[in-house]
Amino acid sequence: MSGSAESDAEPESASESDLVAALLDGHHRSLARVITRIENRSAGYRDLVSDLHEHTGDAHVVGVTGSPGAGKSTLVDKLAKHYRDEGLTVGVIAVDPSSPYTGGAVLGDRIRMASNVGDMEVFFRSMSARGTLGGLSTATTDAVRALDAFGKDVVIVETVGAGQNEIDIVRTADTVAVLVQPASGDDVQMLKAGILEIGDVFVVNKADLDGASRTVTELKEMIHMRGDEPRVLDSFDAGGHHGTAGAGSDPDGHGSGGGAEQNGGGDTTDHDAGADDPETEPWTPPVVETVATSGEGIEELADTLADHLSYLERSGELEAKERTRYAEEIRALLRSDVGGLLEGEIRRQGGMASFVDAIYARETDPYTVAEELLNPVRECLEERDGE
């Protein structure tokens, strides 16, 4: 999409419908304003996101995570440049730690992302994690949706790198790349602690340093051992990650176990077609070596990411992941909205302090308070059931 000055001359007073129309027409300024409204949770932002949803579903969403110092920002910068050289448009969302004072992104300057400065077809946005576990907030998911609707071919989400809580990224990204530094024993232990489960591709960055070969070997051994271990399905595996749950899982996270590599009964829809095809065997995460500062290995990494997307499409896991993503998003929105309603009810009844005082005086207890606060909601739903 064009990013010319003329195309971005959209009036500041544009209505929500005008803003959406301008975004869909390729106005980068409108895209920036929509994402600002999303991040700030401004009035009407939900209507904007709702209007954009029908225009999404074409972008390849790539998550990049790893421990601090692994070179994520430099690698994302070079990866975006590679995509541009291939003629693809790119959106980048860098989810940074939140300032405890302003809630804004601490690393907002992103001075290491300089290769694409001035290129209107690379849209970069630094966003605050806002304290969300895994570094991803609901606003990030909505911003990805805006970039997708805008027409970006690839959307890269770089996360804080906070350890195994980074599993949240799986709910947003189609493909997850985990960066590890050479000879980083702590990083390897971190992978054993849980983040190993989320990687579709593992990247040993700074591969020109001593210890790179050893790190590659350790990663491959860990990936091999992981493939031999029994997996327990949960709502997260329901997306068919690495073929564990497969497309036979329902959006509620109750999979039949009939993924791309197996058919254990249950729902046998067209998603399972080709499950016995060798081309849809379970994806084994490869290990790619890169030197992001020089660009070495970036082309191989981009090809590997494309291979994973092709695998997801062939196996049916791409659709399964998307369905699970929507189910999780609905649950998150409900938790947030119901929580907001209850906070309002607490204020109307004198505030949290009054409940705490009563509990401290042993006049009531937390369960009873929660029950009393939830009763109006429960009664309302029961009345609807009785209609």
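With the stretch 283-370 as the region, which helices (runs of 4 or more DSSP H) entirely inside it contain at least 1 residues that are closer than 30 Å to GLU218 by Cβ?
298-315, 317-348
Consider the stretch 33-65. How many of its residues are among the aliphatic types (A, V, I, L, M) and closer than 14 Å to GLY151 by Cα?
3
Just for the stretch 144-177: of the residues that are farther than 24 Å from LEU23 by Cβ and of a type in the set (Val, Ile, Thr), which one is modelled with the lowest pLDDT?
ILE167
Return the pair list, or none, for Cβ contacts closer than 7 Å from residues in the stretch 137-160 that are in the same structural domain as VAL122 (by TED's automatic domain parsing) to residues that are basic (Lys, Arg) and assigned to a helix (DSSP H, G or I), at least 6 apart or on different chains.
GLU158/LYS72
Within the bounds of the stretch 293-304, is there any residue that is in contact with a His (Cβ under 7 Å, 6 or more places away or on another chain), charged (D, E, K, R) and in contact (Cβ under 8 Å) with a residue 60 or more places away in the chain?
Yes, because at least one residue in the stretch 293-304 is in contact with a His (Cβ under 7 Å, 6 or more places away or on another chain), charged (D, E, K, R) and in contact (Cβ under 8 Å) with a residue 60 or more places away in the chain.
Only residues in the stretch 211-226 that are assigned by TED's automatic domain parsing to the domain that holds ILE195 count as the first member; pair them with residues that are of a type in the set (Phe, Trp, Tyr), Cβ under 8 angstrom, at least 6 apart or cross-chain, and list the lot.
LEU219/PHE202; ILE223/PHE202
The values are calculated or read from the model by the stated rules, or taken from the named source; none is laboratory data. Model, not experiment: these values are computed from the prediction. Virtual Cβ from ideal backbone geometry, glycine too; neighbours counted across all protein chains shown.
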